[in-house]
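This report refers to the structure that appears directly beneath it.
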Amino acid sequence: MKYLVDTDWVADYLQGRPAARTLLQQLSKDGIAISIITYSEIYEGILSGYNPQAGKQVFHRFLKGATVLPISRAVAEVNAAIRAQLRA
């Protein structure tokens, strides 16, 4: 079984927050995954951070233990609609 982890938990894990580290280490025994949307959001945060190179290295280490799930067009359209609605 795999657990789908959202952006907030991944960001907290990458920042070394103890609760996130503990939880994701426990979940990783059964397998963890992130969506491609989470991948994009984390990567955006890394690029706008104070040390993108270090951020990339930490993220790539995290990815060795996680699956990145693609999304369908239908999911992408729903995501876009929600984001547009939130901006309005």
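The values are calculated or read from the model by the stated rules, or taken from the named source; none is laboratory data. Computed from a prediction, not measured in an experiment: that's the story for all the values here. Backbone-built Cβ (ideal geometry, glycine too); neighbour counts: all protein chains shown.
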Is there a residue being assigned to a loop (DSSP other than H, G, I, E, B) and under 8 Å from the mean Cα position of the chain (by Cα) anywhere in the stretch 10-22?
no
Any idea which of L14, L4, L23 is over 13 Å from F62 (Cβ atoms) and either buried (at least 16 other Cβ atoms within 10 Å of the Cβ) or modelled with pLDDT of 95 or more (or both)?
L23
Tell me which residues, restricted to the stretch 38-88, are surrounded by fewer than 13 Cβ atoms within 10 Å (Cβ to Cβ), of a type in the set (V, I, T) and over 22 Å from L27 (Cα atoms).
V78, I82
Does any residue in the stretch 55-79 that is over 18 Å from L4 (Cβ atoms) come within less than 7 Å, Cβ to Cβ, of a residue that is among the aliphatic types (A, V, I, L, M) six or more places away or on a different chain, and which pairs are these?
G55/I46; K56/I46; V58/L14
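If you go through the stretch 29-36 one residue at a time, do you hit one that is assigned to a helix (DSSP H, G or I), modelled with pLDDT under 95 and more than 16 Å from R61 (Cβ to Cβ)? It would help to see each step written out before you state the result.
Residues of the stretch 29-36 that are assigned to a helix (DSSP H, G or I), as a first pass: 36.
Retained after the next criterion (residues that are modelled with pLDDT under 95): 36.
Among the residues that remain, those that are also more than 16 Å from R61 (Cβ to Cβ) are: 36.
Yes, the stretch 29-36 contains at least one residue that is assigned to a helix (DSSP H, G or I), modelled with pLDDT under 95 and more than 16 Å from R61 (Cβ to Cβ).
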